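Q: I have a structure I would like to understand better, so I am pasting it below and will then ask my questions one at a time.
The values are calculated or read from the model by the stated rules, or taken from the named source; none is laboratory data. No experiment lies behind these values; they were computed from the predicted model shown. Neighbour counts run over all protein chains shown; Cβ positions are idealised from the backbone, glycine included. Heavy atoms of the whole protein, side chains included, go into the accessibility calculation; ligands, DNA and RNA do not. Shrake-Rupley method; radii C 1.70, N 1.55, O 1.52, S 1.80 Å.
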Amino acid sequence: MQRVTVTLPEGLCAELDAFASARRYANRSEAMRDLLRGALRDQSEAAPDTQAMGVLSYVYDHHTRDLASRLMHHHHDHHALSVTTSHVHLDHDTCLETAILRGPAAALRAYADGVLGQRGVMHGNLFLIPVERQEHSHAHGDNTAPHTHLHVKDSF
């Protein structure tokens, strides 16, 4: 770890303290690290083959003509990116879906754009988590064969 000194105006420091307290961070440093990671992740343009996990969440009107079918075809066309999905009925008209995705960051963004750009999708967001694959050879029970683990990185 490196110590970095940041000078903040009094009002901004008060907002940081309120943010840290509301989110139950142990201290300002934890809050600042989390905010910085988020800002860097949101603005970064990862190399196209950089590996990531993604959480795509979106709300849509299931009465929109052919939307459910278009979404299902989109999911099937990109099945290799999908880990799991969840579907919740919010009311008589709207549904909330979440999709946990894994693959190259550029492919996950393209997948999300294909969903979020559909007519009838009202709200949506893609949250990307930078990961790297690492080959390991350690015991899992009686099995010691080499295998891959994903490890979360600090940034893209």
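Q: Which of the residues spanning the range 122-155 are touching a residue at least 40 places away in the same chain (Cβ under 8 Å), open to solvent by less than 70 Å² (accessible area, probe 1.4 Å) and of a type outside the set (Ser, Thr, Tyr)?
A: 124, 126, 128, 129, 130, 131, 150, listed by residue number.
Q: Confirm whether residue 96 is at pLDDT 95 or above and within 22 Å of the chain's Cα centre (by Cα).
A: On the way: at pLDDT 95 or above: yes; within 22 Å of the chain's Cα centre (by Cα): yes.
For residue 96, the condition - at pLDDT 95 or above and within 22 Å of the chain's Cα centre (by Cα) - is met.
Q: Could you please give the count of residues in the range 56-82 that are open to solvent by less than 70 Å² (accessible area, probe 1.4 Å), free of Cβ contacts under 8 Å to residues at least 24 places away in the same chain and closer than 15 Å to residue 105 by Cα?
A: Total meeting the criteria: 1.
Q: With the requirement that a residue be touching a His at 6+ places or on another chain (Cβ under 6 Å), of a type outside the set (D, E, K, R) and not in a helix (DSSP H, G or I), what does the range 114-146 give you?
A: Correct list: 134, 136.
Q: Further, regarding this structure: Go through the range 100-113 and give me each residue that's open to solvent by 40 Å² or more (accessible area, probe 1.4 Å) and assigned to a strand (DSSP E or B). Quick ask: steps written out before the conclusion?
A: Here is the first cut: in the range 100-113, the residues open to solvent by 40 Å² or more (accessible area, probe 1.4 Å) are 100, 102, 104, 106, 109-110, 113.
100, 102, 104, listed by residue number.
Q: Continuing with this model, one more query. Can you tell me which condition residue 25 does not meet? The list is (1) closer than 24 Å to residue 155 by Cα; (2) free of Cβ contacts under 8 Å to residues at least 60 places away in the same chain; (3) in a helix (DSSP H, G or I), and all the others hold.
A: (3)
Q: Shifting gears a bit: So which of 15, 30 ends up being charged (D, E, K, R) and surrounded by 13 or more Cβ atoms within 10 Å (Cβ to Cβ)? Steps first, please.
A: Working: 15 fails: surrounded by 13 or more Cβ atoms within 10 Å (Cβ to Cβ).
On inspection, the qualifying residue turns out to be 30.
Q: Taking the stated definitions as given, is residue 119 open to solvent by 70 Å² or more (accessible area, probe 1.4 Å) and modelled with pLDDT of 90 or more? Walk me through how you get there before you give the answer.
A: Working: open to solvent by 70 Å² or more (accessible area, probe 1.4 Å): yes; modelled with pLDDT of 90 or more: yes.
Answer is yes for this residue.
Q: Suppose the filter is part of a strand (DSSP E or B) and surrounded by 17 or more Cβ atoms within 10 Å (Cβ to Cβ); does residue 53 pass it? Steps first, please.
A: Details: part of a strand (DSSP E or B): yes; surrounded by 17 or more Cβ atoms within 10 Å (Cβ to Cβ): yes.
So residue 53 fits the description; yes.
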